[in-house]
Structure formats: C-alpha cells, structure tokens
1. How much mean residue ellipticity at 222 nm does the chain get from its helices, if each DSSP H run of length 4 or more adds -39500 (n - 2.57) and you divide by all residues, to the nearest 500 deg cm²/dmol?
2. With θ taken as phi - 60° and the coefficients 6.51, -1.76 and 1.60, list the Karplus ³J(HN,Hα) couplings across the range 94-107 in order, rounded to whole Hz; mark glycine and proline as x.
3. Whole-Å semi-axes of the chain's equivalent ellipsoid, largest first, each the root of 5 times a Cα gyration tensor eigenvalue?
4. In whole Hz, with x marking every Gly and Pro, tabulate ³J(HN,Hα) for the range 115-132 from phi via Karplus 6.51 cos²θ - 1.76 cosθ + 1.60, θ = phi - 60°.
5. Straight-line reach only, C-alpha to C-alpha below 25 angstrom: list the lysines that LYS197 could link to, leaving out same-chain residues fewer than 8 apart.
6. Picking from LYS98, LYS173, LYS86, which is most flexible by a Gaussian network model of the chain using Cα springs under 10 Å?
7. Could you work out which residue, out of GLY144, GLY27, GLY63, moves most in a Gaussian network model of the chain, that is, has the largest mean-square fluctuation with Cα springs under 10 Å?
8. Could you work out the relative contact order of the chain, using alpha carbon pairs under 8 angstrom and six or more residues apart, expressed as a whole percent?
Amino acid sequence: MWDFLFSQYKNYDTFSIWLEFIAVIFGLISVLFARVNNILVYPTGIISTLIFIYLLFQWSLIGDFIINIYYTIMSIYGWILWSKRKNEAFEFPVATMKTVDFKKSIILFTLTTVFVIIIYIYFDKFTSWTAYVDTFTTGLFFVGMWLMAQRKIENWIVWIIADLISIPLYFYKGYTLTSLQYLVFTIIAYFGYREWKTYLQKETLSK
C-alpha cells in the first residue's frame, strides 16, 4: 500500500518533498480557518500557494501554476474585503449568491477556461487527457476563490466539485500528498458549507 501511494517520491529530491508537505499543511490549516469564517484563512493560504507556485513551476504544471498565482492574488483581495467593517459589522458578511453573482461566475469560468486553453496551446501542453481536465478545474477554482472572497456560501459547493475531481487527478499525476490534501479539502468543504449555512440561518432569524 505504501509503495502504491508514495513510490513516485523515490525520484524526488528531499527538499521538494518537504516543501510539498509544508504547503499541504498550511493549505489544510487555511481551509480549516475558512470553515469557521476566520480571516486567518488568507495569510495561511498565501504561505501554501507561494510554495506551490515554486513547486508547480519546477514540475512544469502550467495550469496549476496559474491557479496558485491567482490564489495568491485573490487571497490578498479577500484579506482586504474580510477586513472591511461598517458600523462595527462586516461590510462583506456571509451571504447567498444573487443573479448578478451567477452571471459573473459564468463569465469568470468561461474567460478562465479560454485563457488556460490558449496558454496550453502556446506551451504545447495538450499532450494528455489530464490537460483537458485541468482547464475545467482551473475555471472552477477561479470561481470558488472569487466567491470565497465575496463570502458567498456557494463557494463551498464549487470547492467540493473541484476538489473531488482533483483527488484522482493529482494521484494520477504522481503527487500523492497533494491528492490526499484535496481529499481532506473535500471533507472540510462539506462541513464548511454546513457551518456557513447554519451561521447564515441564525443571522437571518436574528434580524
């Protein structure tokens, strides 16, 4: 079982293995903070994404590399939004998506997918079926991160879909630690959705 899960790491240098492990740990910590609606989701997430930016560039995984650059930028954006207060209340509280948010999400997903396709064609990366899946998951992750910055509860649904796809995808690529990270992400996202939903219901009843 151990060889089945981690045999690919035999050819990896120790430094990269430790970096991936640290990035996974901070990624998990970040999602745990997101689950409880804590702003520390962003600084911890930035540490994880910056490490993955370096690793993914080394591994020539262009789509994932782009995702993590976007994550870092959106983490800074989300950090700013979550810090804003108006009359002692959050300016961007937990809320559900409106029609305009769905339209923006569709536009963001479409533009992201087209952009990644262009990048993959330019770098001649459409050499495996995984590249086609990457274009789809990249679009989902972009939307999920944007919705989280806006504190829209539906961000968890998008994360769950994208994470479930990423579990076998990363394992197939040979990155077991990252695959396991997405497995845990899926579980946390499920409970995150439930907690945000409960929180939103309580806020609605208190008004």
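1. Estimated from H runs of four or more residues: -27000 deg cm²/dmol.
2. My calculation for the range 94-107 gives 4, 8, 9, 6, 9, 4, 5, 5, 5, 5, 5, 5, 5, 5 Hz in order.
3. Numbers: eigenvalues 183, 76, 46 Å².
Equivalent ellipsoid of the chain: 30, 20, 15 Å, largest first.
4. Result, ordered by residue: 4, 5, 4, 4, 4, 5, 5, 4, 8, 6, 9, 7, 10, 8, 4, 5, 5, 5 Hz.
5. Within the straight-line cut-off, LYS197 pairs with LYS84, LYS86, LYS98, LYS103, LYS104, LYS152, LYS207.
6. Comparing LYS98, LYS173, LYS86 in a Gaussian network model of the chain, the most mobile one is LYS86.
7. In the Gaussian network model the winner is GLY63.
8. This gives 23 percent for the chain.
All of the numbers you see were taken from the coordinates with simple rules; none came from a lab. Every value quoted in this text rests on a predicted model; they were computed, and no experiment measured them.
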